[in-house]
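For reference, the structure discussed in these notes is given below.
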Amino acid sequence: MPATPKPPLFDLSGRTALVTGSSRGLGRAIAEGLGDAGARLVVNGRDPDSLAAVAAEMREAGYDVREASFDVAREDAVEAAFAAFDADMIEIDILVNNAGIQHRQPMVELRLADWQRVIDTNLTSAFLVGREAAKRMIGRGYGKVINIGSLTSELARATVIPYTVAKGGIRLLTKGMAAEWAGAGIQANAIGPGYMLTDMNEALVNDPTFDAWVKGRTPAGRWGAPDELVGTAVFLASDASNYVNGQMIYVDGGMLSVL
Ligand code: GCO
């Protein structure tokens with residue numbers, strides 16, 4: 001042990017993390033994981049009542065958590081949320097752009113409104129929230145942005161094309177953020193979850209054919225659990241990743257690595 005030990009590499013103490021779409025699923029698991037590593041948490045969701053209930057549960061479990069209910073796809077709502085953070089002296093050090101929805105339908109049957117809703121919620125939101133966070137992070141010379149992509153950031157699956165396009169955009173938006181913000185001390189990276197056991201995927205998990213396909217197509221032979229993203233999220237949120245930028249780390253049981 002050196003005479004003057006360095007702070008633990010993965011310690012998030014003193015940092016504040018905003019996780020969008022964190023009232024359930026992957027977002028909640030990631031938020032709690034960042035909290036376990038010491039971060040103060042700002043949880044987000046569109047529905048104030050369910051978000052307040054989740055924040056209360058998390059507070060009861062010992063997390064330092066504040067809720068911020070706003071629609072990440074609406075520019076005015078995002079700007080107002082960050083103005084409120086400013087007014088309350090809340091500095092977002094770590095941003096996880098997790099909010100996302102799914103819409104499964106063949107493209108020829110798709111309504112433009114449904115296409116737009118998925119693109120706005122899954123991709124435009126990361127731009128809107130990332131932009132407001134980065135404006136403040138640049139001034140402080142520090143920030144961590146973690147965008148949540150998908151296997152569909154690389155490969156398409158029929159009937160989920162708007163989601164695929166949005167998640168493909170997340171992969172290149174992450175590189176764009178790195179291109180423009182790395183020089184200001186901000187690391188922007190992404191996580192690509194595989195097929196995870198979330199309520200968004202409930203219909204797939206309960207479909208014996210799809211369930212068998214996931215288990216056969218994944219070298220690990222199983223679906224992933226949301227908390228299996230936490231280690232990668234803490235890595236990308238911590239000093240351990242200070243020279244990592246523009247990367248996408250797939251947590252997918254090996255699915256993308258094999259034919
Ligand atoms: C689907 C699923 C996928 C997964 C995930 C895979 O309908 O195929 O919802 O999109 O959720 O994105 O990485």
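Points to keep in mind about this one:
- Shown for the stretch 16-251: the carbon plus sulfur share of the solvent-accessible area, taken with all protein chains present and a 1.4 angstrom probe, equals 54%.
- Calculated FRET efficiency, LEU9 to ILE90, Cβ-Cβ distance, R0 = 41 Å: about 0.95 to the nearest 0.05.
- With all protein chains in place and ligands, DNA and RNA left out, the 1.4 Å accessible area ranks MET196, MET107 as MET107, MET196, largest first.
- Expressed as a whole percent, the proportion of Cα-Cα pairs in the stretch 16-251 lying more than 31 Å apart is 18%.
- Neighbours of GLY62 by Cβ distance under 13 Å: Lys/Arg scored +1, Asp/Glu scored -1, total -3.
- Spin-label pair ILE138/ARG217, simplified geometry with 7 Å Cα→Cβ offset, distance in nm: 4.0
- Exposed loop sites here are trypsin sites (Lys or Arg not before Pro) assigned a DSSP state other than H, G, I, E or B and surrounded by at most 14 other beta carbons within 10 Å; excluding them, the longest clear run of the chain is 1-103.
- Gain in span if fully extended, VAL205 to ARG104, counting 0.36 nm per residue against the direct Cα distance: 34.9 nm
- Computed from the C-beta positions of ALA113 and ASP227, the FRET efficiency with R₀ = 35 Å rounds to 0.50.
- At R0 = 45 Å, FRET efficiency that the Cβ-Cβ distance of ASP47 and SER257 yields, to 0.05: 0.75
- Solvent-accessible heavy-atom area per residue, rounded to whole Å², over the chain at 1.4 Å: 46
- Each Lys or Arg adds one and each Asp or Glu subtracts one; over the other residues with Cβ under 11 Å from the Cβ of TYR142, this totals +1.
- Value of [θ]222 nm, deg cm²/dmol, for the chain, DSSP H segments ≥ 4, -39500 (n - 2.57) each, nearest 500: -12500 deg cm²/dmol
- Net +/- balance of residues flanking ASN201 in space, Cβ distance below 11 Å, scoring K and R +1, D and E -1: -3
The values are calculated or read from the model by the stated rules, or taken from the named source; none is laboratory data. Predicted model only: the values in this text are computed from it and were never measured. Counting neighbours? That spans all protein chains shown, and the Cβs are built from the backbone with ideal geometry, glycine included. Note: accessible area is taken over every heavy atom of the protein model, side chains too, but ligands, DNA and RNA are not part of it. Shrake-Rupley method; radii C 1.70, N 1.55, O 1.52, S 1.80 Å.
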